[in-house]
1. List the residues whose amide H sits under 5 Å from the amide H of E583, counting only those 5 or more places along or on another chain, with H placed 1.01 Å from N in the peptide plane.
2. Run the numbers on region 49-128 and let me know its relative contact order in percent, using alpha-carbon pairs under 8 Å that are six or more apart.
3. With the full set of protein chains in place, find how many percent of the accessible area of the chain is carbon and sulfur; take the probe as 1.4 Å.
4. Just from its helices, what would the mean residue ellipticity at 222 nm be for the chain, if runs of 4 or more DSSP H residues each count -39500 (n - 2.57) and the sum is divided by every residue, rounded to the nearest 500 deg cm²/dmol?
5. Taking the Cα atoms only, what angle lies between the long axis of helix 244-255 and the longest principal axis of the chain, rounded to 10 degrees?
6. Given a 1.4 angstrom probe, what's the average accessible area per residue across the chain, in square angstrom?
7. What is the sum of charges, Lys and Arg at +1 and Asp and Glu at -1, for the other residues whose Cβ falls under 13 Å from the Cβ of K247?
8. Bin width 10 Å, origin at 0, all Cα-Cα pairs of region 444-592: what percent of pairs per bin?
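The values are calculated or read from the model by the stated rules, or taken from the named source; none is laboratory data. Everything numeric in this text was worked out from a predicted model, so none of it was measured. Cβ atoms come from the backbone with ideal geometry, glycine included; neighbour counts cover every protein chain shown. Note: accessible area is taken over every heavy atom of the protein model, side chains too, but ligands, DNA and RNA are not part of it. Shrake-Rupley method; radii C 1.70, N 1.55, O 1.52, S 1.80 Å.
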Amino acid sequence: MSDERDRILGMGAKITRRDFLNGVAITAGAAMIPPEMWAAAAADLEPQNAAGYYPPAKTGLRGSHPGSFETMHQVRDGAFWDASAKAIDSGESYDLVVVGGGISGLTAAHYFRKAAGDKARVLILDNHDDFGGHAKRNEFRADNAFRLGFGGTYSIESPAPYSAVAKGLIEELGIDVPSYPKYVSKDLYRSLGLKPHIFFDKETFGSDKLVVNPARVGGDESGINAVSGEAELRAFLKDAPLSDKAKQDFQRLFTDKKDYFPGLSSDEKKARLARISYAKYLTDVVGVSDEVVKIFQSMPHPLFGFGIDAVPAQDAWGLDFPGFGGLNLDPSPGMGMNRDAIRSEAAEKYFFHFPDGNASIARLLVRKLNPAAIPGNSVTDIVLAKADYSKLDAASSPVRIRLNSTVVKVKHNGDPASAKNVDVTYAIGKTLKTVRAANCILACWHVVIPYIAPELPDAQKEALASAQKVPLLYNNVLLRNWTSFQKLGVNSVYCPSMYHAYVNLDLPVSMGGYECAKKPDEPIVVHMMKAACKPGHPSREQHKLGRIELYTTTFETYERNIREQLARMLGPGGFDPARDILEITVNRWPHGYAYEYNSLYDQFWLDGGETPCQVARKPFGRIAIANADADAYAYTDCAIDQGYRAVQELKQ
Ligand SMILES: Cc1cc2nc3c(=O)[nH]c(=O)nc-3n(C[C@H](O)[C@H](O)[C@H](O)COP(=O)(O)OP(=O)(O)OC[C@H]3O[C@@H](n4cnc5c(N)ncnc54)[C@H](O)[C@@H]3O)c2cc1C
């Protein structure tokens, strides 16, 4: 990249705390941990108790931020124990220690107290500098404007209806899901003439061009779904930089009523579709040109974290992707369908978005567990309430949340079948400490558990290790204004072959005194998502390679990609990246969504029978296992259900 291009992009601009540590070395260990953490640990202080400690306001490299993952990677690589000091016995003991302060861990703490009483002593340990797990809050300030963004979990939504337990918790927290329309400015973008678009890039399609999106695709987070009508299709075919053959193929996909599997029953057709990818279905069965396949390649990124090369055609049918109009398939789900691909009208209506996404759920849970840490008492005042991190681990609170603390060992004192307690050892900075717990819930990522709980049976450890997380990048960019979006008539953009597959204006929600951007000349948060995948490989391999990519990419590279993509897409609308980008927060989630089973790669999912997650979540002695991984379903309701189940499985 030339210096001149960098200057035009504004790479030198003073936007944000840059990530000088860069997070490049996956196994570099101690050298990566921020200096303030060493200082705090050396003084035997928890970093979260330092004056001014307030992670939601940090910009730069967030999500799995530097300092959060190095210890666990050292444990994984076998380099940790030889280099570490002896653990200090803290003398602390608890009725329950929860490993992982995401929604599952916070839920577990909540239900444990319901069962054991308000005086029960609970400690929650998390390796990040903030609580909430994936449900993280990003704050931005520009002149007089205050803006919120979701750093991970976007909303209450799930392909299947929430269970009675999950719905019960949402209601207990005071969230009135049906009241959502009161808070969203549903018609704001439409009233300004904005529509979802597709961005064709010159490297793949011959020219950079924004064209109105004629296909309802996943990923529109700003509140307007594309309309797939005849007029939209005609407009698209006129403007898209595609060959005549590709245009004919594209149209045929949406309109053709051909049965590509004559003579097969609906079930036989579904069985076939379950065993080929949508990409292969398009090329080998429907016979469309490569150009068309390229348009659809990244469409499922927000759902699965990979493209159509790894999405079974049966799932593509369930998700309403085009090309199945003539197959006359019975609408019921087929064997091996992914749970995301099974539609439920009731579930689709159950939607609620806080301005910081489901970080508000995490914050409401924390307020219930430790009211002194987050002021206020209503579901809407949570939006602007400022958490006092120094109170999260107060000795006076029955529930304590200790951040920056990576659990490295969980071990029963004696025979797991009869032991009365477990010792939980965690690293905070350079210090290792042990606490004692009558019960322990592992609400952390399942791939971590075999390393920290070596007592578990081998078959269970193998099942836990198979829960490969889906690597994702959720970038929030604060813009000075969104006049370029207005000039171009765009609210969201699907970019089949750019660095980020989806770019969305913030979903306009105002609540509890918080006001979203309503006028194009006001600052706004733009959300840019990327699935780090490697097309052509099996799903788990794609996730593994993508995870390495996310850990080894520098903030500078992330920033350049953000600036370059916005400049190319919005330049014709007057966007100047050097002038218009005010802040950047890169939310890097190498361990993102829970892995969901896929009929192309997981034979057991087609055959039926016990699944790896059912083996993985079995209780062992005084340890129970939660997290969304425990039901292989990447949604908040799953995290809640599994936290609840884990509590029921604890020994008395
Ligand atoms: C980018 C993104 C967007 C999402 N959007 C949605 C959405 O819109 N709606 C939805 O329903 N779901 C969404 N999800 C799914 C989300 O994962 C779940 O909704 C839910 O928040 C998961 O909660 P959890 O507690 O099971 O796991 P997590 O949130 O991952 O929490 C587990 C915690 O354990 C910690 N941990 C791991 N190892 C250790 C250790 N050794 N010691 C201490 N702590 C440890 C982790 O760092 C983490 O903080 C999204 C996920 C991602 C990544």
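1. L478
2. Relative contact order for region 49-128 comes out at 32 percent.
3. C and S atoms contribute 52 percent here.
4. One gets -8000 deg cm²/dmol as the mean residue ellipticity at 222 nm.
5. Taking Cα atoms only, the helix is inclined about 70 degrees.
6. On the way: 24320 Å² over 652 residues.
Accessible surface, normalised per residue, equals 37 Å².
7. In short, 0.
8. Reading upward from the zero bin: 10, 33, 26, 18, 9, 3, 0.
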